[in-house]
Amino acid sequence: MEIRTLGDQKFSIINPVLHTRTEGSPSTLEALQYFETPRLMGDAIATGKIALQDLEGLLQNVLIIDVDLLVERVPIAIGKSVMLADFLGGTSAAGAATIIGAPVDIATTRASGARYGPTDVRSAYPRFGEEAVNIFDFEFRRSYGGIGKIIDLGNVRIVPGESIHTYGMRLAKIVELALNADTIPIVIGGDHSITAPLLQACSRKYPSLGVIHFDAHHDMYLNPIGPYEVLTHGTPFRFVLNQPISYLMQLGLRTLEQPPDHAHVTNDPRLRYFASRELQHMEPERVFSSIPRTVPCYVSFDIDCVAPDLAPETGSPVPGGLSYYQALDLLDYIASNFRVVGADFVEVSRSSSSQFNRAAQIVARYIAHLILAPCSKSPIIDYLHNY
Ligand SMILES: [Mn+2]
């Protein structure tokens, strides 16, 4: 980071990594110090030393002060582990899936534990090596060819005590870098609040984005006590509807609750849903018959859409739910027929009584299918006697 004085209380802040030059005032410099010695943003704003718009401007334009501080490399990666600095300065990664971990559960309302999601999902991922080439998929009796790269940037670090807003802005920035490199970001959460900043970044790049949301809950709740419009893991889709998305399809809903306190969003014509019970008897083709194939699509997958007896490691389980194969077939249909430009897999937590994380095992398989399904496919014909 280089700061040049321009005179008249103006400064030019140059980021040599991102090749950006941003003009700043003395208050921007104060805000910059926030990142050098991270502290509670609320306190800094309350003292009047830092203006929120200065912080946001810095995050959006000159965020990367030291890339190593932003992202933490992980011992077990999905695909090839790449440093963010190398990703930004290296050869083209176009077409690759970019894995980004978001180990946060600071916006949960019930049990915490979603911070373990990225670690446990990565550990459960099939060991394909750095590139998934020539994979036999016995489930679908097909093999995949021409596989692109899978890059793992690691986990976006959390500063202890910070809010989901500053964390979300940093996460969104990393996702924006992945999108601008023409890769497909796949974010492993983390609680569901991260979807709001993620979709903000994605809809900046793809203004007509469609969203397919798997969940037991509609996640458009209001906070029970004011302030009502607060970003938590139960509210992200209130914020998603503020984006210029073309549709929001919710799959797997099954809560039993008082009339929704979100009436002003439920008559939004972009919104549609299928209950978990309805999906028990529907072919994917029918589920997605009204969805335009040409519109880029974002998938937000909350593991609690799957039956809690199959995936118990989650914070807000609801009885009923999709089977492993129902969700797999829906995801396979999406990945094979739509242009998926980004995804998140959230709300995988961890059990204190079992070493084996069933929710993480399922999500790891779904991520693999999401990455593999768009690749060229050929039938498995020479396995044993082709029975
Ligand atoms: Mn959710």
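The numbers here are math on the coordinates, done by the rules we state, and not lab data. Values in this document were obtained by computation on a predicted structure and should not be read as measured data. Cβ placement follows ideal geometry from the backbone for every residue including glycine, while neighbour counts extend to all protein chains displayed.
Structure data summary
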read-out: The stretch 68-379: antiparallel DSSP beta bridges as a percent of all, rounded to 5; value: 20
read-out: Residues of type aspartates and glutamates that Lys377 reaches as a straight line, Cα spacing below 17 Å, ignoring anything fewer than 8 places off in the same chain; value: Glu131, Asp137, Glu139, Asp329, Asp332
read-out: Separation of alpha-carbon centers, the stretch 267-306 and the stretch 122-174, rounded to whole Å; value: 23
read-out: Efficiency of FRET between Phe136 and Thr109 - r from beta-carbon atoms, R0 45 angstrom, step 0.05; value: 0.60
read-out: Ordering of 190-201, 294-305, 158-169 by packing [mean C-beta count within 10 Å, highest first]; value: 190-201, 294-305, 158-169
read-out: Cβ-derived FRET efficiency at R0 35 Å, Arg204 paired with Arg272, nearest 0.05; value: 0.90
read-out: Sequence-separation-based contact order of the stretch 68-379, relative, with Cα cut under 8 Å and 6+ spacing, percent; value: 23
read-out: Percent breakdown of C-alpha pair distances by 10 Å bin, ordered from the shortest bin, for the stretch 273-340; value: 19, 50, 27, 4
read-out: Förster radius 22 Å - calculated FRET efficiency between Thr294 and Asn180 (Cβ-Cβ, nearest 0.05); value: 0.50
read-out: Shape call, the stretch 178-237: gyration tensor on alpha carbons, a/c limit 1.5; value: prolate
read-out: Amide proton proximity set for Leu253, modelled H, under 5 Å, gap of 5+; value: Asp215, Phe274, Ser276
read-out: Extension gain from Ile380 to Ser353, taking 0.36 nm per residue of separation minus the Cα-Cα distance; value: 5.8 nm
read-out: Gyration tensor (alpha-carbon) shape descriptor, the stretch 68-379, a/c threshold 1.5; value: rounded
read-out: Distance-filtered residues of the stretch 235-258 - backbone nitrogen under 18 Å, label point 7 angstrom along Tyr228 Cα→Cβ; value: 235-242, 258
read-out: Met1, Met249, Met220 arranged by Cβ crowding within 10 Å, fewest neighbours leading; value: Met1, Met249, Met220
read-out: Length gained when the stretch Glu285-Ser163 is fully extended (0.36 nm per residue, less Cα-Cα span); value: 39.9 nm
